[in-house]
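See below for the structure under consideration.
Quick note: the coordinates plus some simple rules give every number you see, no bench work behind them. What you see is a predicted model; the values in this text were computed from it and never measured. Positions of Cβ are backbone-derived with ideal geometry, glycine not excepted, and every protein chain shown enters the neighbour counts.
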Amino acid sequence: AFQENEIKLLTAEIERLKNSGCLGVSPSLEGLRDENAKLKYRLNFLQKSLQEERSKTAKSMININSCLQEIFGAAIQAAYPDLENPPLVVTPSQQPKFGDYQCNSAMGITQVKLNDLTKKGKNGDVVYKKWFEALLQPQHSLLVFSSKGFINVHLRKDFVSKQLSSLLMNGVQPPAVGKRKKVVVDFSSPNIAKEMHVGHLRSTIIGESMCRLFEFAGYDVLRLNHLGDWGTQFGMLIAHLQDKFPDYLTVSPPIGDLQAFYKESKRRFDTEEEFKKRAYQCVVLLQSKNPDFIKAWELICDVSRKEFQKIYNCLDITLIERGESFYHEMMKDIVKEFEDKGFVQVDDGRKIMFVPGFPVPLTIMKSDGGYTYDTSDLAALKHRLCEEKADILIYVVDSGQSVHLQTVFAAGQMIGWYDPKVTRVAHAAFGVVLGEDKKKFKTRSGDTVRLIDLLEEGLKRAMDKLKDKERDKVVLTAEELKAAQTSVAFGCIKYADLSHNRLNDYVFSFDKMLDDRGNTAAYLLYAFTRIRAIARLANIDEQMLRKAAREEVLILDHEKEWKLGKCILRFPEILQKILEDLLLHTLCDYLYELATTFTEFYDNCYCVEKDRQSGQIVKVNMWRLLLCEATATVMAKGFDILGIKPVQRM
């Protein structure tokens, strides 16, 4: 709308310049001709930009729920212009007899207007009817007024059919989200010199999926891995490195098991007083950027990075490393900034800071002059807000860090780094992974489960499952079997996590996640391959499907066709909801609902009709094959957002 208005103004201005003779050859009018050229250039740019925006919007999948909210919101405003922040509730109907969507806002408005109505001796129907009169707009849907105050919305079949055709021709396009914003996501964040364990699984999987969703929606996403790569623990590691590999500066030390190396150095730190003193000296030399100690630190970090990358490769995770060391040089200025604003107190040599509403202070400098996690987290927050210019900042960190992070966020707000009304800073908290005994997931010996061991166990169990089904004998080639194994193993591990509300703890069970019944990746992946196989077995290729999408009208006369068509079109509103609440299990629930709705459709509606005697294909119902294709297309995009790789044959 802004661009259209500016085009009108520019066009009028160019017309004014023409009428004033600015296009003549007089030298005195040279400046005006330049102005005219600039206006034309701006006009062309805006017209092209508007064209592109309209083209993009035309291809975007319509978020039906959002459209209805706009219609109902405008009607409330028209009916009750004096009402501030009126309740606006639009939801899919749970029963077909009540239409496809329901608006229940009249109940809330009645509560607000109750006193006025009572005084005037009127009942709640007055609210509903006055509002309903403002809603009679036929272009989107059929509205049915209920005397109980609910407004039922019935979608038109030709509207749903056209939207499905658009989906088939343009692919799954993200819903329009307005201005392109920058999103910074902090996730995974293991510690150097320690192996990634099952505790890192949730942050890594959830964070990756959030990034994929925001990227698909058109946001500019920065994926950050806030590694624990700085601090006092490096003193003991470097001291132990010097003792065990004294020639580390010239010969690369063969540190095979960094976890064992860490445990050895920690044992010495706890039991050998002389070693402990040397470790502290090493920290000082490292922080003063002594080249030999920086080299030792880099060697240790490189060994860890290689181990982390093995896991990231398995799970198809993409990250930019920006650990605590990245912010080290900024910490001095952070302390000074808070001191200059008068927020810092000295307590027993420490510099601390109380944030209103939080009982525990942040320690921004230790008594020995060293910095803390609080300091590095504040430095990271400021850099992301003020240097990266993030519009949305998401920390995918376990629930145990909730108070700490909320305190850090509040400190950033207190000093003026951001306004929460303008910039969204969110903690996407998650619960812990439990074993089948409902206790923290550990090995039989009581140790934390190494993540690499978990992934290897998943691969083994996935192959066992495929062989139990005898997929290795006649169904799949060796290459297809390997692809199916990887898809099932890693897909099931990811889906088991993402299908649970991240705020809750969840029980890790290979048996449950590999079950091909119920809401599991195994079931969905198999359902997807079956859907993709329908057209292939009918000898219908992609080119034929594309041609049919352009020419065929999707008939939605059967109740199961209608139900499936509407379910497919709910995809954009599912994504919009997750962009708002960051709860990815909603997408998993939707994909399961879509797969089961498709099964109902397939069981009741013949896509390909065959002769019962010969088995020969006698009829292909192309509009139904297009419904199959639309289902598979949406499922594939859903899998992509979840980081799951489907296969064509399983």
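A few notes on this one:
- Net +/- balance of residues flanking Phe187 in space, Cβ distance below 15 Å, scoring K and R +1, D and E -1: -1
- Radius 11 Å from Cβ of Pro92, net charge of other residues (Lys, Arg +1; Asp, Glu -1): -1
- Distance (nanometres) between label positions extended 7 Å along Cα→Cβ at Val432 and Ser288: 4.2
- From the alpha carbon centroid of region 420-482 to that of region 590-640 is 30 Å.
- Anisotropy class of region 343-388 from Cα gyration tensor, a/c 1.5 cut: oblate
- Neighbourhood net charge (14 Å Cβ-Cβ; Lys/Arg +1, Asp/Glu -1) for Cys567: -3
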